[in-house]
1. With the requirement that a residue be among the hydroxyl-bearing types (Ser, Thr, Tyr) and either exposed (fewer than 14 other Cβ atoms within 10 Å of the Cβ) or not assigned by TED's automatic domain parsing to the domain that holds PHE53 (or both), what does the stretch 1-40 give you?
2. Would you check if there is a residue in the stretch 174-185 being farther than 25 Å from THR71 by Cβ, acidic (Asp, Glu) and more than 18 Å from the chain's Cα centre (by Cα)?
3. Pick from the stretch 146-173 the residues that are among the small types (Gly, Ala, Ser) and more than 19 Å from the chain's Cα centre (by Cα): which of them is farthest from MET229 (Cα to Cα)?
4. Among the helices (runs of 4 or more DSSP H) confined wholly to the stretch 1-94, which include 2 or more residues that are touching a strand residue (DSSP E or B) at 6+ places or on another chain (Cβ under 8 Å)?
5. Please verify whether the stretch 70-88 includes one or more residues that are modelled with pLDDT of 85 or more and surrounded by fewer than 14 Cβ atoms within 10 Å (Cβ to Cβ).
6. Residue check: is ALA171 part of a helix (DSSP H, G or I), exposed (fewer than 13 other Cβ atoms within 10 Å of the Cβ) and hydrophobic (A, V, I, L, M, F, W, C)?
7. Report yes if some residue within the stretch 193-203 is aromatic (Phe, Trp, Tyr), closer than 14 Å to ALA84 by Cβ and in contact (Cβ under 8 Å) with a residue 60 or more places away in the chain; otherwise report no.
8. Quick check, is SER153 surrounded by fewer than 19 Cβ atoms within 10 Å (Cβ to Cβ) and either among the polar types (S, T, N, Q) or in contact with a strand residue (DSSP E or B) (Cβ under 7 Å, 6 or more places away or on another chain) (or both)?
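The values are calculated or read from the model by the stated rules, or taken from the named source; none is laboratory data. All values derive from a computational prediction rather than experimental measurement. Virtual Cβ from ideal backbone geometry, glycine too; neighbours counted across all protein chains shown.
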Amino acid sequence: MYWEFRLAIGKTHSLPVHKENAIYWTIIKNWVELARGQGSIHSDQELEEDKHFIEAYTHTVMRNGNVDQQTKNVIADSYLIDIAAGSIMKKAEADSTGKKVGSKEHSVLIGTVQLIADLSRRRRATYGSLWVEAARQSIRTNRDSWRHGYSPSRNQSYILNSRPTLALDEASLKSKVMERMLLDGSSAIIGPSATANNILQTYENLLSIIENKKCREKDIEILNTTSIMVDRT
């Protein structure tokens, strides 16, 4: 979106490449108008929320300006989905050369991560928040907990599982994934699963990094996600 908006501004204004930071903040300042110019169908309120989130997200990453705790939580929610994608890729099986490529299982993993990568930062935050919510319920009840979401624009479904123990009931996970896909009538679905403790610990570690507290970045690699992906195509 940034490059699309930059191109739109560049049609009427000269954009010196040595002042990219100023261009970036100009784009954020005019986010609603630029989105309208690109044919966005979202409401003004939704676009203003996008603008606020991107501004706060930028301040957080660049560690300048004041960012409220709620926004920090949302950003941690979104990064939780990023960590899930990386965790899934680590499960790829190596071929005879030692490279993690070439198997049917690896192709499924690639497809799963592609569906995740297609999500906007705010959309990842939505699903990350649902996963944290599921983990907290799983801790309270000592049972599996599920949350789901659906993207009409992509016709894709997402069902997130938190389980109280390391034991994974793959049959149950597959059943829930297929049931959700049929209910939504979606063309593709992913169903990530992790233990409640791993989800919450990863989330807390992400918050610590965002808040610039002491936390080693390698500590966020504990999520150990298992995922099922189904694509009708």
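1. Scanning the stretch 1-40 gives TYR2, THR12, SER14.
2. yes
3. As a first pass, look at the stretch 146-173 and keep what is among the small types (Gly, Ala, Ser): 149, 151, 153, 157, 162, 167, 171-172.
After this cut, where a residue has to be more than 19 Å from the chain's Cα centre (by Cα) as well, the list is 167, 171-172.
On the way: ALA167: 20, ALA171: 14, SER172: 14 Å.
Of everything passing the filter in the stretch 146-173, ALA167 is farthest from MET229 (Cα to Cα).
4. Working: elements: 2-10, 20-29, 31-37, 44-62, 69-89.
Those helices (runs of 4 or more DSSP H) span 69-89.
5. yes
6. Judged against the criteria, ALA171 is a match.
7. So far as the stretch 193-203 goes, yes, one or more of its residues are aromatic (Phe, Trp, Tyr), closer than 14 Å to ALA84 by Cβ and in contact (Cβ under 8 Å) with a residue 60 or more places away in the chain.
8. It is true that SER153 is surrounded by fewer than 19 Cβ atoms within 10 Å (Cβ to Cβ) and either among the polar types (S, T, N, Q) or in contact with a strand residue (DSSP E or B) (Cβ under 7 Å, 6 or more places away or on another chain) (or both).
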